[in-house]
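The values are calculated or read from the model by the stated rules, or taken from the named source; none is laboratory data. Values in this document were obtained by computation on a predicted structure and should not be read as measured data. Neighbour counts run over all protein chains shown; Cβ positions are idealised from the backbone, glycine included. Accessible surface is based on the protein model in full, side chains and every heavy atom, while ligands, DNA and RNA are left aside. Shrake-Rupley method; radii C 1.70, N 1.55, O 1.52, S 1.80 Å.
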Amino acid sequence: MSLPDRPSHRLDVDPDEVTRPVLAVGMEMVTGEMELDFHTHRKAQLLFIIRGEVTCEASNALWLIPPQSALWIPGNTNHSIKGRAPLEGIGLFVEPNVVSTLPRECCAVSVSPLLRELLFRAATLPALYPLDGPEARLVTVLLDELAAAQVENLRLPMPTDARLRRLVEMITAHPADGSTMKEWARRMGVGERTLSRLIVQETGMSFGRWRQQLHIILALQWLTRGASVQSVAIDLGYESASSFVTMFRKALGSSPARYISRRLDLARSDAGD
């Protein structure tokens, strides 16, 4: 089902200056790529992706936001955003402390059918909607539904140590490389214990757990672009598609095909295809 009203575009409005509990801003990019360097907003932000692919780095972590999912960014959080067309979404800016139960940390959240429809409706409201009446009641329900949203496991901790950033670049460039941490430490010219300690210290994960989480992020990115489960499994170095599917299901609670197809079906519906 296509949207009855497309999200409006108010990109000329400074969200931090709008004196309302929320401001919903529609965004769309037909071709090319988008890159916003590190910046902050006084207000918190929910970045809901209707269709397309977006990554965000904030709070020493990288998030991939697949279609029909969202990222919550608390106010005054330094973050950068990259997007790739075709891209459509809604940015919801929320006054700090308007709801005490909203997350205090960055997190990816699942978007329920109700929250999704509320975001679409909020994107049609004028920036200075009335503070009483149906518009205000809609905003109250939206905030309640947002506070109840479930957190998704789409976070990849990103180290700040220069040596580990180099390791991230190498593994990302060759994700099928199944080298052990000992072999990576030798390539980097550091001791295995030193590397292990640094990884846990900076990411809160073991090397194997961190690499698996990277594989999940890359898999979502490639699947969103239309790659097959078989090709993704091969490109990530898995011996078989079934072993990759097992890992993915344990991490996200669904098979890769089902996880992506549900989101892409909704995206196509929203686009009116």
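Points worth noting:
- Relative to the dominant Cα principal axis of the chain, helix 256-271 is inclined by about 30°.
- The chain, dipole about Cα centre (Lys/Arg Cβ +1, Asp/Glu Cβ -1), debye to the nearest 20: 1020
- Normalised contact order of segment 159-264, rounded percent, pairs of Cα under 8 Å and 6 or more residues apart: 22
- Per-residue [θ]222 nm for the chain (sum of -39500 (n - 2.57) over DSSP H runs n ≥ 4, rounded to 500): -12500 deg cm²/dmol
- Straight-line cross-link partners of LYS43 among the aspartates and glutamates, defined as a Cα under 15 Å from its Cα and at least 8 positions apart when in the same chain: ASP14, ASP16, GLU17, GLU95, GLU105.
- Long-range amide H partners of ARG84 with built H, under 5 Å: MET34, GLU53
- Rounded to 10°, Cα long-axis angle of helix 207-224 versus longest principal axis of the chain: 50
- Distance between segment 239-255 and segment 140-190 - C-alpha centres, whole angstrom: 18
- For segment 154-245, a crude dipole built from +1 on the beta carbon of Lys and Arg and -1 on the beta carbon of Asp and Glu, taken about the Cα centre, is about 280 debye to the nearest 20.
- Against the set [x] 162; [y] 138; [z] 130, the structure's computed volume of the Cα convex hull per residue in Å³ falls on [z].
- Across segment 72-80, coupling constants 3J(HN,Hα) worked out from phi with the 6.51/-1.76/1.60 Karplus curve, θ = phi - 60°, read 9, 10, x, x, 6, 9, 5, 8, 10 Hz, and Gly and Pro carry x.
- Note that segment 141-147 has calculated 3J(HN,Hα) couplings of 5, 4, 5, 5, 5, 5, 5 Hz, one per residue in order, obtained from phi through the Karplus relation 6.51 cos²θ - 1.76 cosθ + 1.60 (θ = phi - 60°); glycine and proline are x.
- When each of the peptides 72-82, 224-234 is scored by the mean number of other C-beta atoms lying within 10 Å of its residues, the order from highest to lowest reads 72-82, 224-234.
- 3J(HN,Hα) along segment 110-123: 7, 10, 5, x, 5, 4, 4, 5, 5, 5, 4, 5, 5, 5 Hz, from the Karplus curve 6.51 cos²θ - 1.76 cosθ + 1.60 with θ = phi - 60°, whole Hz, x for Gly and Pro.
- Each Cα pair under 8 Å and six or more residues apart adds its separation to the average, and for segment 36-112 the resulting relative contact order is 41 percent.
- Relative contact order for segment 15-152, counting Cα pairs under 8 Å that sit 6 or more residues apart, in percent: 30
- In this structure, the amide hydrogen of LEU62, modeled 1.01 Å from its nitrogen in the peptide plane, lies closer than 5 angstrom to those of LEU156, MET158, counting only residues at least 5 positions away or on a different chain.
- Think of the chain as having a plus end and a minus end, set by charges on the Cβ of Lys, Arg, Asp and Glu; of ALA176, PRO134, SER80, ALA176 sits farthest toward the positive end of this dipole.
- Over the chain, accessible surface divided per residue gives 48 Å², non-protein components excluded, 1.4 Å probe.
- The candidates HIS215, HIS39, arranged from most to least accessible area with a 1.4 Å probe in the full protein assembly, appear as HIS39, HIS215.
- Cα-based helix-to-principal-axis angle, 241-252 vs the chain, degrees rounded to 10: 50
- The magnitude of the dipole of segment 15-152, with charges of +1 and -1 set on the Cβ of Lys/Arg and Asp/Glu and taken from the Cα centre, is near 140 debye.
- Put simply, the amide H of THR77, placed in the peptide plane, has neighbours under 5 Å in HIS41, leaving out anything fewer than 5 places away on its chain.
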